[in-house]
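The values are calculated or read from the model by the stated rules, or taken from the named source; none is laboratory data. Just so it is clear, the structure is predicted and the values come from calculations on it, not from any experiment. Note that each Cβ is placed from the backbone with ideal geometry, even for glycine, and that neighbours are counted across all protein chains shown. Areas reflect the complete protein model, heavy atoms only, side chains present, ligands, DNA and RNA absent. Shrake-Rupley method; radii C 1.70, N 1.55, O 1.52, S 1.80 Å.
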Amino acid sequence: MELRLKNKLRENIISITISLILTLFITSVIILLIGKNPFDIFGIIISEVFGSGYGLGQALFKATPLIITGSALAICFHASLFNIGAEGQLNLGAFVMSLAAFYFSALPAYLLFPVVIILGFAVSAFWGYIPAIIKIKKGVSEVITTIMMNFIAMALINFLLIEFFAVKSTVRTEKIADWIMIPKLSAYFQFFQGSSVNLTFFIALALAFAVYFMLYKTKFGYYIKAVGFNETAAKYIGIKNNRIMLLSFLIGSGLTSLVGLNFVLGYKGYYEFGFSNNLGFTAIAVALLAKNNPIGIIFTSLLFGMLDYGGLTVNTVIPKEIMFVVQAVVILSILSVDKIVNNYFQSKD
Amino acid sequence: MNSVELINISKHFGSLMANDGINLKVRDNSVHCIIGENGAGKSTLMKILFGIYRPDSGEIRVNGIPAHFRSAHDAIKLKIGMLHQHFMLVEDFSVIENVILGNELSKGITLDFDKSRQAITGLIEKYNLSLNPDSKVSDLNVSEKQKTELLKLLYRQSEIIIFDEPTAVLSPVEVGEFFKIITKFRDEGKTIIVITHKLKEVREIADDVTVLRRGKSVYSVNRESLDIDVLAKEIVGELEPATALQKINMGNNDIAVEIENIVLDKGGVRKLDGLNMKLRKGEVYGVCGVEGNGQGEIADLIFGLEKYSSGKFITFSDLISLIPDDRIEKGMIKEFSVGENVILKNKNINIISKNLIAKTTSEIVSKYDIRLSDYNAPLQSLSGGNQQKVIFAREIELDNDILVFAHPTRGVDINASAFIHSVIISERNKGKTVLLISSDLDEIFFLADRIGVLYKGKIVREFSSNELSSKSEEDVDVLLEKIGKLMIGITVEE
Ligand SMILES: Nc1ncnc2c1ncn2[C@@H]1O[C@H](COP(=O)(O)OP(=O)(O)OP(=O)(O)O)[C@@H](O)[C@H]1O
Ligand SMILES: [Mg+2]
């Protein structure tokens, strides 16, 4: 039986390698089409991302919120709950975190951090609670409701900012006290000098491992997957489906708030409207590519983080949007190559 | 001449040889039964003949001509049809719509409904299928759904028809009807292959029989030289000593579950209509009935999944094991492995390690003789009978007080059936309450202390243990006939 796991790993490595080569090829063609030399472009990206601690740090910094949101969403996806509402959920959470950190700064650290995290989590979770309960009570698809909740969340934050909390003529909250800021990695490793990557990166890694443990090693995780696979069977096995769906939605959406640690407490010191830049949607791709396995999500997030930062480094030569194209090509090629590789090994087995 | 010849067919899954050089000759115009233990490779072999699996090696000849199937589509082109155990019907479509799906006779770009309807009603009449072509499939019972599947094959003019355990889901009367239908097929020149576990059925319909054991074809015989005892021995290799357990009366026959005048509606349909039943500790209560008369709802009621609108329901224990009627839809998470499926129901386990899964699996596998290729394989890759054994094992191992078992031996081979029966009796002897729902009257007669006949949501007649213990064979036949009539709503003079 060990053999089968090894085969699985081999299949995954083969399929990812092939997809990356395919992506490289397709991207090169696109770059050629806009009249640039792909080798130059890739050269710049590689030397910028891997050539300096700063570049690497920035890629890790970009990967951090993807790891957090991807892992959080994986919980929902395992329960077959298609939560498209992470964008709204994480914005509200981060927003509330920034306010809590600002207004409760008189609290001692051992109280302040829990309060900030719990409030952020609670608000994001509440934003997931609404679609979850509508689905459970009324059977309305969470896909529709979570999309709508995104719009409402963004409008609500916009309103609150403008009416109450924004620093005059900006779209951001007040800056929090310096002592609350989460230390940057450069404070410990000279190597990352200048980069925004901070301790949240390790929190994200720990979160991914924790979610992995929950999903693959606990009864609760098995319940989540059982409900996701077959609700009827889960019911006959004695699982309380509604409770499991509600809990996975609450935990999944609640955890998205932790991106606030990276951006608000670890980077800017305030919440800024639009900071997330579709993070909630990219995270869906990151999770799906990793087949909702949080350990895999660490890797897909790192890949997307590198592409994201890499795009910025070549911005002067080609539009950075090219990196969205690359991300899309990566998704499509991994999905299709994976299928082909799987089939190949299945027919051989 | 042979319609089908399978020569030296092999197929492996991982390290397991599911088919190991199998030879099978199916004569033109015959009913050929395939029999063998759970996991012997019967379904695999038939899936190869139907183009679903590709063999590792070996040759398939159809009507003498070598055939190479890349998919079921190729087999269909050679007029081979297969009726799977798990129906593949669109529940929201009518019978007609299901039948023409994928075989549309078109008139320009629209479907030629009239022509199809004519063809289909013609087939229904010809084979006496007693099926309304306009019924919605979701309203049909199991036997009618099976007939719809059959219509699909007939409509495509299949000449070689493979049935994978067609009788497992049927009541005795329906089995009789089904046999008439396939005999008719044979008489008009079709070739029929039937997988079954029941020797009685082999004797009744087979022109030829082939026995598979552990992936090999070990024995073939035709009707004239068929000896059931020899056949039974060939199936298992060696006969296990019969271990018929005796029922012991414990004296303690307290009531465990009390169901009084329960009325239960589902989707606007009355499913239970004044149901009365008392289940005792240390007894097996057998429910006889044609599928769809409320069996599923009784199970759901006891398991606490259904709300009733009136009546009284009391149970002394809520430690209840359940084997649901539909094992794939309700009994298991088919994507999970054997061990995972078992652990899923264990209330004392919260952390699930690889070691725990391996340990649980090996315990269950050896104790219940489950055959599988790989401990980590999803449950759906096990053979049908082995899946059933896993579910049975899980429910017994929970050691609950009340056991609600629907068709516990469905799809299970002879030896395993005997084993399951003896486990049920030993549970009963421990003082447990067993509610046995089965369409197999022999099974109910063998196991039950009391029998209730269920018709249209209520028990229309209950037979006490005294009535059942009259032993002469004629008595049993009279009783069986009586129950058979009650099951289809005919009131009998007492
Ligand atoms: N897709 C698959 N992947 C892995 N193993 C498989 C697969 N299909 C079948 N097997 C294995 O091959 C063996 C033969 O299975 P098969 O379904 O042919 O048995 P069978 O004779 O039909 O048994 P049953 O009477 O229980 O239906 C079993 O041990 C089963 O676990
Ligand atoms: Mg089978």
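List of remarks:
- Test: residue in segment B:360-377 that is of a type in the set (Lys, Arg) and surrounded by fewer than 23 Cβ atoms within 10 Å (Cβ to Cβ): yes
- Only one of B:Lys330, B:Lys334, B:Lys307 that is within 10 Å of chain A (Cβ to nearest Cβ), out of contact with any Asp or Glu (no Cβ under 6 Å at 6 or more places or on another chain) and in a loop (DSSP other than H, G, I, E, B): B:Lys334
Every residue, every condition in (1) of a type in the set (A, V, I, L, M, F, W, C); (2) within 16 Å of ligand 1 (Cβ to nearest atom); (3) within 14 Å of chain A (Cβ to nearest Cβ), yes or no:
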position: B:Met46; (1), (2), (3): yes, yes, no
position: B:Val62; (1), (2), (3): yes, no, no
position: B:His84; (1), (2), (3): no, yes, no
position: B:Glu91; (1), (2), (3): no, no, yes
position: B:Ile96; (1), (2), (3): yes, no, no
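- Qualifying position, being without any contact (Cβ under 8 Å) to a residue 24 or more places away in the chain and open to solvent by 70 Å² or more (accessible area, probe 1.4 Å), among B:Asp254, B:Asp229, B:Asp300: B:Asp229
- Residue in segment A:269-277 that is open to solvent by 60 Å² or more (accessible area, probe 1.4 Å) and of a type in the set (D, E, K, R) present: no
- Flag if B:Ile34 is in contact (Cβ under 8 Å) with a residue 40 or more places away in the chain, away from ligand 1 (no atom under 16 Å from the Cβ) and away from every other protein chain (no Cβ under 14 Å): no
- Scan of segment B:337-350 for residues that are buried (at least 23 other Cβ atoms within 10 Å of the Cβ) and facing chain A (nearest Cβ under 8 Å), ordered by number: B:Leu344
- Of the residues screened, B:Arg213 is not one that is more than 29 Å from B:Asp369 (Cβ to Cβ), touching a residue at least 40 places away in the same chain (Cβ under 8 Å) and not β-branched (Val, Ile, Thr).
- Test: B:Lys25 is open to solvent by 70 Å² or more (accessible area, probe 1.4 Å) and not in a loop (DSSP other than H, G, I, E, B): yes
- Some residue of segment B:362-382 being β-branched (Val, Ile, Thr) and away from ligand 2 (no atom under 16 Å from the Cβ): yes
- Within segment B:190-209, residues that are open to solvent by 20 Å² or more (accessible area, probe 1.4 Å) have Cβ atoms under 8 Å from residues that are within 16 Å of ligand 1 (Cβ to nearest atom) and of a type in the set (Asp, Glu) in these pairs: B:His197/B:Glu165; B:His197/B:Asp413, counting only partners at least 6 apart in sequence or on another chain.
- Looking across segment A:300-317, the residues that are within 10 Å of A:Ile45 (Cβ to Cβ) and part of a helix (DSSP H, G or I) come down to A:Met306, A:Leu307, A:Tyr309, A:Gly310, A:Gly311, A:Leu312, A:Thr313.
- Scanning segment B:281-304 for residues that are under 15 Å from B:Glu258 (Cα atoms), part of a loop (DSSP other than H, G, I, E, B) and in contact with an Asp or Glu (Cβ under 8 Å, 6 or more places away or on another chain) gives B:Lys281, B:Gly304.
- Test result for B:Ile328, of a type in the set (Val, Ile, Thr) and either in contact (Cβ under 8 Å) with a residue 24 or more places away in the chain or open to solvent by 30 Å² or more (accessible area, probe 1.4 Å) (or both): yes
- Subset of segment B:168-199 [within 16 Å of ligand 2 (Cβ to nearest atom) and closer than 28 Å to B:Gly289 by Cβ]: B:Ala168, B:Val169, B:Val194, B:Ile195, B:Thr196, B:His197, B:Lys198
- Taking each residue of segment A:109-127 that is at negative phi and looking for partners that are hydroxyl-bearing (Ser, Thr, Tyr) and open to solvent by 30 Å² or more (accessible area, probe 1.4 Å) with beta-carbon atoms closer than 8 Å, six or more apart or interchain, yields A:Leu112/A:Ser105.
- Counting the residues of segment B:1-21 that are within 15 Å of ligand 1 (Cβ to nearest atom) and more than 29 Å from B:Lys184 (Cβ to Cβ) gives 13.
- Qualifying residue in segment B:162-174 (condition: among the hydroxyl-bearing types (Ser, Thr, Tyr), at positive phi and modelled with pLDDT under 90): no
- Restricting attention to segment B:442-467, the residues being aliphatic (A, V, I, L, M) and open to solvent by 20 Å² or more (accessible area, probe 1.4 Å) number 2.
- Meets criteria (within 14 Å of chain A (Cβ to nearest Cβ) and either out of contact with any strand residue (DSSP E or B) (no Cβ under 8 Å at 6 or more places or on another chain) or modelled with pLDDT under 95 (or both)) for B:Leu322: no
- Taking helices (runs of 4 or more DSSP H) as the structural unit, those lying wholly within segment B:365-452 and holding at least 3 residues that are within 16 Å of ligand 1 (Cβ to nearest atom) correspond to B:384-397, B:414-429.
- The strands (runs of 3 or more DSSP E) found entirely in segment B:38-150 that carry 2 or more residues being within 16 Å of ligand 2 (Cβ to nearest atom) and crowded, with 19+ Cβ neighbours inside 10 Å are B:80-83.
- Members of segment A:165-198 found to be open to solvent by 80 Å² or more (accessible area, probe 1.4 Å), farther than 12 Å from A:Lys268 by Cα and outside any helix (DSSP H, G or I), listed by number: A:Lys168, A:Ser169, A:Tyr188, A:Phe189, A:Gln193
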